[in-house]
Amino acid sequence: MNKLLIIIPAYNEAASIGQVISSVKKELPQADMLVINDGSTDATSHIARGSGFVVIDLPYNMGIGAAMQTGYRYADLNSYDIAVQVDGDGQHPADQINRLVCAILEQKADMVIGSRFIGKGEYSPSLGRNIGMKVFSMVVSMITGQRITDTTSGFRAANKEVLRFFARNYPEDYPEVEAIVLLHKAGFNIIEIPVRMAGRAGGISSITPFRAVYYMVKVLLAVFIDMLKRVER
């Protein structure tokens, strides 16, 4: 039987983390859960520990890249076959996780990304986010030679080989876009499948209009630098 790990990065998600954990446990009772508390100043860690699952507390807010690489290293060290990233803010419904896992089990790809823009595409981002997402999609699609519609989606599943790769190589700050480029350069297969996502269950998004512009410029520069790197599988 395949060992499945749900990695939940969380920063000040006390309002939603309990419900996220409960819903995942209900939908996937066979899965292990790992909460990466990214230096939260609220009760995120306390609530997560009350669930009885493993919680790793980072010493300060290190960002989603460091949080996820911590999770991938844990998964690799503990010989998990599949890991799924589920954000702690409640935007990734637990009843959609099996869609990602099944695609990995059927060996359709090494990493499966849940896309908000395939199918009905009910997700409606702000103007600033929409522009950034379209730019990222265009650039990454050109680099990979395949259409990637939702490069910033953090709702994704990875197989054992990707877990090992990410344990050694994972971008910092806002890593989702860069991670796709690095996987492509290393020869991994990536697909998207349609998923339903929800609005935040609580807390406040850290992405302001100014940060959205900064993020877009920074990520594009990082992607172009990644193209010059030598990446080994």
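The values are calculated or read from the model by the stated rules, or taken from the named source; none is laboratory data. The structure displayed is predicted, hence computed values, not measured ones. Positions of Cβ are generated from backbone atoms using ideal geometry, with glycine treated the same way; all protein chains shown enter the neighbour counts.
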Determine the pairs where a residue that is over 21 Å from Thr144 (Cβ atoms), located within the stretch 211-225, has a partner that is part of a helix (DSSP H, G or I) with Cβ atoms under 9 Å apart, the partner being 6 or more residues away or on another chain.
-> Ala212/Gly128; Ala212/Arg129; Ala212/Ile131; Ala212/Gly132; Val213/Gly128; Val213/Gly132
Test set (1) modelled with pLDDT under 95; (2) farther than 20 Å from Lys3 by Cα; (3) surrounded by fewer than 20 Cβ atoms within 10 Å (Cβ to Cβ); (4) not hydrophobic (A, V, I, L, M, F, W, C) - Pro175 fails condition number | (3)
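Can you tell me which residues in the stretch 140-164 are under 20 Å from Ala75 (Cα atoms), of a type outside the set (Lys, Arg) and surrounded by fewer than 24 Cβ atoms within 10 Å (Cβ to Cβ)?
At the first step, the residues of the stretch 140-164 found to be under 20 Å from Ala75 (Cα atoms) are 154-164.
Retained after the next criterion (residues that are of a type outside the set (Lys, Arg)): 154-155, 157-159, 161-163.
Matches in the stretch 140-164: Gly154, Asn159, Glu161.
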Sole exception among (1) touching a strand residue (DSSP E or B) at 6+ places or on another chain (Cβ under 6 Å); (2) within 17 Å of Glu13 (Cβ to Cβ) for Gly50, by number | (1)
Selection within the stretch 7-54 - among the aliphatic types (A, V, I, L, M) and out of contact with any Leu (no Cβ under 8 Å at 6 or more places or on another chain) = Ala10, Ala14, Ala15, Ile17, Val20, Ile21, Val24, Val35, Ala43, Ile47, Ala48
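Tally the residues that are among the aromatic types (Phe, Trp, Tyr) and assigned to a helix (DSSP H, G or I), restricting the search to the stretch 101-121. Steps first, please.
If we filter the stretch 101-121 for residues that are among the aromatic types (Phe, Trp, Tyr), which is where we start, we get 117.
Next cut, assigned to a helix (DSSP H, G or I) only: none.
The total comes to 0.
Taking helices (runs of 4 or more DSSP H) that fall entirely within the stretch 1-90, which contain at least 3 residues that are under 13 Å from the mean Cα position of the chain (by Cα), on the phi < 0 side of the Ramachandran plot and buried (at least 19 other Cβ atoms within 10 Å of the Cβ)?
Details: elements: 17-27, 44-49, 64-77.
Hits in the stretch 1-90: 64-77.
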